[in-house]
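Taking it in order: structure first as C-alpha cells, then the write-up.
No value in this document is a laboratory result; all are computed from the given coordinates. In this text the structure is predicted, and so the values were computed from the model without any measurement. As a convention, Cβ positions derive from the backbone with ideal geometry for all residues, glycine included, and neighbour counts pool all protein chains shown.
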Amino acid sequence: MKRLWPVLLVALLLGGGALRDGFDRWVDRTELPPLIVDTSAEARDRNGVLLRAYTVADGLWRLLVARDGVDDGYIAMLLAYEDKRFWRHHGIDPWALVRAGGQALWNGRIVSGGSTLTMQVARLLEDGSTGSWAGKLRQMRVALALERRVSKDAILDLYLQLAPFGGNIEGVRAASLSYFGKEPGRLTPAEAALLVALPQSPEARRPDRHPQAAEAARGRVLARMQEAGVLRAGDVAAAAYDPVPRTRRAFPALAAHAADHARSLQPDRGRIDLTLEAGLQAGLEELAELSLHGKSERLSIAILVADHRSGEVLASVGSRRFAQGRGQGFVDMTHALRSPGSTLKPLVYAMGFDQGLIHPETLINDRPVAFGAYAPRNFDGRFRGQIKVSTALRESLNIPVVLLTEEIGPGRLMAALRRSGVAPVIPGGKPGLAVALGGVGITLRDLVQLYAGLANGGQAVRLHMTGGAEPGERIVSRSAAWQVGHILSGLVPPDGAPRNHLAYKTGTSYGHRDAWAVGFDGSHVIGVWIGRPDGTPVPGAFGGDLAAPVLFKAFQRLKPELDPLPPPPPETLIVSTAELPQPLQRFRGRHAVFEPEPDTPKLAFPPNGARLSLDGGGLVLKLRDGVPPFTILANGEPVLTGYHRRQADLGPVGKGFVSLSVIDAKGRSDRVDLQLE
C-alpha cells in the first residue's frame, strides 16, 4: 500500500467536491517555518564588490543571493534538471509523482523521488528528512502552502540561498566563491553543471574531497542538458575538459580591520557598504607585505588613503597581514595612539603664517636655546644659524619650530588639532612645547585627517568609510595651507621615487618607535606608519628611510600620475626676503626687545666662566659676528682699539679673575668672566 501513495495523492489533487475543499483547508492551516534566512554579514566596497564576509551563527557560509545575481545559464540548467515544470505546478508536480510511483511499483524501490524545487525548499527550511513517507508528506504540505503564500521567484531565491554544497557551504553564491573564487553572476557551463549536481549529494560529491565523484555527477548533468536542448553538443564537449576544482578557496578578507570596525558600529546590519575600493585595497595590502619582506616579523605597517575633497577613505590597511604572530597582525594600527614625530610641524608653520609671525622667506635663527630645563636639539645635533623658514620646514629642524610654538602657544596648537578633527592625547594632560616635536598621542587616521584639511585649503574634512561627508571647521587660512603645501612639494623624493612634486612630510618618534610619512596631491592624501605594535624601539628606523618609499609607491598604485596642487590663492604674498615688511624679514619672537641682535659681537673663546692655565703664555681671544673695528677691554681698561681681525693675542694678563669685553663699531658688546691660573 505504501508504494501506491503517489498515485492516491494524485487522485486526491485531481479530485473535486468536498474532498477537494477539505484538502484546501488542510493546506491553508499549514504552519510554515520562518522564511527569513540568516545570512552572512558582508562588507562591500564602493562598487558593491565583496570585501569581507562573516559566517552565520552556526558556522555556515550562507551569503545573501537572489536570482538576478545568478547566471541565467545556471538557472536554466537547474530547472531543466531538477524541476522542468517549476513555473507551472503549484508545489507538487503530479506527473513527476506518477512517474515516481510507477517506477517504485515496477522496481520495488524508490528510483526517483519526484520532488519539486518547492518541496526541496520545504525540506531545507525545516531541515527535514527525505527517507520517510511522513517526512515526504510534510514536505508536500509545506510546498503547497508555500506556493499559495509566496511567489515563485521568492521560492527560487530560497533554494539559491539554502541549497547545500558540502561542508559548511550553503547557497549558490557561497559555493561559487568557495569553489571558483568568483560571484555566480557569470558561470561557464562546466561550473554551472557542477553547482547543479552538488546539492543532490553534497558530501559525497564535494570536489575538494571527492573530485572523481564530482566530475562524474557534473558529466551526468551536462549530458542531460544536451538531451534537453539547454546546451549544444560543442558546449558539452568543451565543458567536459574543464578541470573540477580540487580545493576550496578562502572567502574574501580584504580590509579586515576596517570591516570589523564598521561592523562593530553597526552590528545589526547584514550589509555594510564602505567607501573603500577593492582593487586599491588589495594592491596596498600586497604593498604592505612586500615593503616589510625580509624585515623583522615584529614590524607592522599601516596605510590609509583618502580623497581630501570628499573625506572618503579609499583604502585602509591596518597591519602587515591579518594574522596571529609576533607582528600582532590583529591590531589595527590605523587607530593606535602613537607619537607623530615631526609630522605636526607643517601645522605650526601654517599657524605662524596666519598670525603674521613669519613668511616662508622670513629668516629664523637655528641656534642653541633653552626654555627652563627644556633645551631642544636638532636631530643631527648641529645648528645652522640664520636660515629661511621654508628651509627650516623642509629640513625638519627642531629649534625653529619650537621657537614658533613658544610664540603661538601649545594650547592654541592643540585647539587647531581639534578643529582639524584630530583627538590628541597629552601625556600628563597639559601640553608643552614638546608637542611640536611629537609629544602627543595621535593615530594614523588622525594624521591623515589633519593633512586632508591642509590639502583642502585649510578647511577640515571629516574622513569617513560609511555615510556621507560632514562639514568641518577651518584650521588655517587658504594662503597658509597653500604655502605649507608648496614648501613640502619641494622636498627631494626618496631614492628611486619619481620626482613628481608630491607634498609630503616624514617623521620619526622619540626612540625610533614610529616611522611616518604622509603626503598629498591635488586630490588624495595618504599616510604610512611603520613600527612595532607593542611600542618597543626599532633601532635605526627613520621615517624618511622606511615610510617615505612606501608612501610614493602607494601613490603609484593609486594612480599613474599625480593631480597638480592648486594655484596660490589671490591673497597669498609671494615675495623675496628683502621685499617683506621689516618685521617679517627676521623672526625674533615676543622677547625680541630684550634680546641682542643676532649679529652682535660675541667672544667665542674663551667661554664665559672658564678657568684657564696660561703657563706664562698670552691670552688668545676669538671673536664672532659684530662689525669691526673692535675695542677690547680687560677689567674695564682698553687693551686693543681699532682692531679689525677676529683673533687677538692679549699677551700676559696676570692671574686671578678677569672680565673681558668687546665693543664693535655699532657700540654693541659682549662680555665673559674668566679665572686665570
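Taking Cβ atoms as reference points and 10 Å as the exclusive limit, the residues near residue 322 contribute a net charge of 0, counting Lys and Arg as +1 and Asp and Glu as -1. In the chain, the calculated helix contribution to ellipticity at 222 nm averages -10000 deg cm²/dmol per residue, counting -39,500 (n - 2.57) for every DSSP H run with n ≥ 4. Mean sequence separation of contacting Cα pairs (under 8 Å, at least six apart), scaled by the length of region 254-595, corresponds to a relative contact order of 21 percent. By the equivalent-ellipsoid construction on the alpha carbon gyration tensor, region 456-588 comes out with semi-axes of 28, 21, 17 Å, ordered largest to smallest. Of all the Cα-Cα pairs you can form in region 596-676, what percent are over 21 Å apart? Summing the P(r) tail past 21 Å for region 596-676 gives 20 percent. Restricting the trypsin sites (Lys or Arg not before Pro) of region 564-643 to loop positions (DSSP other than H, G, I, E, B) with no more than 13 neighbouring Cβ atoms within 10 Å leaves 590.
Once you reduce region 282-358 and region 142-193 to the center of their Cα atoms, the two points are 41 Å from each other. Computed from the Cβ-Cβ distance with R0 of 41 Å, the FRET efficiency linking residue 76 to residue 271 stands at 0.90. Cα convex hull, the chain: 212 Å³ per residue, rounded to a whole number. Among the GluC sites (Glu not before Pro) found in region 186-226, those both in a DSSP coil and sparsely packed, with 15 or fewer other Cβ atoms within 10 Å of their Cβ, are 203. Over the Cα atoms of region 372-497, Rg to Rh with Kirkwood Rh, two decimal places? Taking Rg over the Kirkwood Rh, I get 0.98. Within region 254-595, the ratio Rg/Rh, alpha carbon atoms throughout and Rh by Kirkwood, equals 0.97.
Residues of the chain were split at every exposed loop site, defined as chymotrypsin sites (Phe, Trp or Tyr not before Pro) in a DSSP loop with at most 11 other C-beta atoms within 10 angstrom, and the longest piece left, sites excluded, is 242-677.
The residues neighbouring residue 273, those whose beta-carbon lies less than 13 Å from its own, together hold a net charge of +2 under the Lys/Arg +1, Asp/Glu -1 convention.
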